[in-house]
Amino acid sequence: MATCLRLPMLTSIPTSSSYSSSTPRRNFTTPFCSIKFNAPINSKIPILNPNDPFLSKLASVASTSPETLLNRPIHSDTPPFLDIFDSPKLMATPAQVERSVSYNEHRPRRPPPDLPSLLLHGRIIYIGMPLVPAVTELVVAELMYLQWMDPKEPIYIYINSTGTTRDDGETVGMETEGFAIYDAMMQLKNEIHTVAVGAAIGQACLLLSAGTPGKRFMMPHAKAMIQQPRVPSSGLMPASDVLIRAKEVIINRDTLIKLLAKHTGNSEETVTNVMKRPFYMDSTTAKEFGVIDKILWRGQEKVMADVAPPEVWDKGAGIKVVDGF
């Protein structure tokens, strides 16, 4: 494909060393010449975007005031032709990039909320860590927020926590962390539904039993355990300080016994006896001990509805009821 361009002459006047005096001078005053060249047939010429704001602005300036483009400053601090913009930008804004990329067309315009926020929107609080100060702060704040949002709707607390200790028994938090959540629960006007998922140990077991009566649940394979509070690591404390801390642990133990006896319906002596050593409970034992009211498992409502009442069982077994006995 032949292309014809008219370009200004770039030749210069020859010097005396190149030509003799007898050489006839050519006319170098011709302003333009015609140059033809052959371009490859399969050459790919890049297509310019007609919607490019830079090129559009450049064409507009060239048509209205071409001297702006011709009289360019020799030394400029800005890249070429960027000074014709009122506020030159060297890169697109994030919003422009997002609109220009096709695979981001359906991307949300704001980041999604985190998972605890989504659960909180459903009035669900999940305790899935030992009761350390950060967990206590978050749970108490969520309880107060949910009561402020609606003091009549129930609050659901899912518990999978080892209490104020780790799974190996090492103390990670003070007993007051559990008491703080307990006191916040007792101050609320809402019904509180507690559900044990996995494990509810120590202070977490207290929180499980402190739910609204009739609204305390446990998954079939979850575990509950009550134990005496442990003395935190004494380190290099003097003997007098260790004694003071031991007395505080005994006070916390007595408080825990009273609260567990209150919510499980057992006597303080019974709770004291079982707490001498770690007392593990599966869902059935926890229900018998009074920690929970119901075991949750899929389809239980239908199964229980199909169960015959005691009178039918007695009649089928040939047992006659006389005077209520």
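Remarks
- The label point for Thr270 and the one for Ser65, both projected 7 Å from the Cα toward the Cβ, are 9.4 nm apart.
- Shape annotation for the range 196-292: C-alpha extents along the principal axes are 47, 26, 22 Å, from largest to smallest.
- The stretch between Lys57 and Gln187 holds 40.2 nm of extra length on full extension. This uses 0.36 nm per residue minus the Cα-Cα distance.
- Long-range HN-HN contacts of Ile125 with modeled amide H, under 5 Å: Tyr156, Ile157, Tyr158
- Note, ³J(HN,Hα) from phi for the range 132-137, Karplus 6.51, -1.76, 1.60, rounded to Hz, x at Gly and Pro: 9, x, 5, 5, 4, 4
- Amide H to amide H, with H built 1.01 Å from N, Leu296 comes under 5 Å of Met218, Met219, counting only residues 5 or more places away or on other chains.
- With a Förster radius of 22 Å applied to the beta-carbon distance between Asp254 and Met149, the computed FRET efficiency rounds to 0.05.
- Whole-percent carbon and sulfur share, accessible surface of the range 115-311, 1.4 Å: 59
- FRET efficiency, Thr212 to Ile244 (Cβ-Cβ, R0 51 Å, nearest 0.05): 0.85
- Taking a ≥ b ≥ c as the square roots of the eigenvalues of the alpha-carbon gyration tensor, the range 115-311 is classed oblate because a/c is 1.5 or more while a/b is no larger than b/c.
- Above-threshold pairs, the threshold being 24 Å between Cα atoms, out of Lys215/Lys247; Lys294/Lys315; Lys189/Lys276; Lys223/Lys276; Lys262/Lys287: Lys215/Lys247; Lys294/Lys315; Lys189/Lys276
The values are calculated or read from the model by the stated rules, or taken from the named source; none is laboratory data. Keep in mind the model is a prediction, meaning the values are calculated, not measured. Here the Cβ is made from the backbone with ideal geometry for all residues, glycine too, and neighbour counts use every protein chain on show. In case anyone asks, the SASA skips ligands and DNA or RNA and just uses the protein heavy atoms, side chains included. Shrake-Rupley method; radii C 1.70, N 1.55, O 1.52, S 1.80 Å.
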